[in-house]
1. May I ask you to list the residues in region 113-136 that are surrounded by fewer than 19 Cβ atoms within 10 Å (Cβ to Cβ), touching a Ser or Thr at 6+ places or on another chain (Cβ under 9 Å) and not in a strand (DSSP E or B)?
2. Among the candidates Ile81, Ile44, single out the residue that is farther than 30 Å from Ile145 by Cα and in contact with a Lys or Arg (Cβ under 8 Å, 6 or more places away or on another chain).
3. Which condition number in (1) in a loop (DSSP other than H, G, I, E, B); (2) within 25 Å of Ala152 (Cα to Cα) is the one that Gly23 fails?
4. Does Asp166 qualify as being in a strand (DSSP E or B) and either in contact (Cβ under 8 Å) with a residue 12 or more places away in the chain or farther than 13 Å from His93 by Cα (or both)?
5. Do any strands (runs of 3 or more DSSP E) entirely within region 43-95 hold 3 or more residues that are surrounded by 15 or more Cβ atoms within 10 Å (Cβ to Cβ) and β-branched (Val, Ile, Thr), and if so, which?
6. Mind checking which residues of region 16-29 are free of Cβ contacts under 8 Å to residues at least 60 places away in the same chain and open to solvent by 60 Å² or more (accessible area, probe 1.4 Å)?
7. I need every pair where a residue in region 88-111 that is farther than 14 Å from Arg135 by Cβ has its Cβ under 9 Å from the Cβ of a residue that is of a type in the set (D, E, K, R) and open to solvent by less than 70 Å² (accessible area, probe 1.4 Å), sequence separation at least 6 or different chains.
8. How many residues, within region 137-170, are of a type outside the set (Val, Ile, Thr), closer than 18 Å to Val11 by Cβ and open to solvent by less than 20 Å² (accessible area, probe 1.4 Å)?
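The values are calculated or read from the model by the stated rules, or taken from the named source; none is laboratory data. Since the structure is predicted, the reported quantities are computational estimates derived from the model, not experimental observations. Backbone-built Cβ (ideal geometry, glycine too); neighbour counts: all protein chains shown. Surface accessibility is based on the protein's heavy atoms, side chains included, excluding ligands, DNA and RNA. Shrake-Rupley method; radii C 1.70, N 1.55, O 1.52, S 1.80 Å.
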Amino acid sequence: MTSTSPIGGAVNGGTLVDALGTGFIAGPRLYCRFGAVYVVPVHISNVLIRCVAPAHAGFVVVDVTNNGHEFSNSGVQYTYIPNLQLVSRVPNHGPFTGGTVVTIQGLNFVNWVSLTCQFDGVPTQATFISATELRCTAPSRPGPILGVLSVAANAQDFAAPALDFDYRAL
């Protein structure tokens, strides 16, 4: 095994994790191991398997076995982070044509490449400012709508509850 995508997820688990490597063989003894916890993966190909991360805190090393006994010695770390919490956003509205830069205040933000905002289901790249602040640019929408805004460190585990974002007519 050479890497995982994403590189981490929420402490409550449930993140879909792609394990990349070579020589993965579909069978009853194919496992991902997060620290000491074995997880049955979905075999996608000989270079990709998909595992559901178990709940944990801190970080663990992820390894893979084809036979249930001999695990890879990858050293690939998977980092668990506290659930992101959203507190406020400024502004709370913008034109439906998009382009509004929104500052989001919250807790537990991390500076990961996969840090993502999602405006009413449309993902956009987030800019990390600090563990309590980030910025995102609202994408365009087809018309005025009261939408929702959320954030995920790994583009997958979005914070709940989300915040309202009002797309308005020009």
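1. Ser114
2. Ile44 is the lone residue from the list that is farther than 30 Å from Ile145 by Cα and in contact with a Lys or Arg (Cβ under 8 Å, 6 or more places away or on another chain).
3. Unmet condition: (2).
4. Taking the combined requirement at face value, the residue satisfies it.
5. Output list reads 59-65, 76-81.
6. Matches in region 16-29: Leu20, Thr22, Ile25, Ala26, Pro28, Arg29.
7. Going by the 9 Å Cβ cut-off, the qualifying pairs are Asn92/Asp166; His93/Asp166; Phe96/Arg141; Thr97/Arg141; Gly98/Arg141.
8. Number satisfying all stated conditions: 5.
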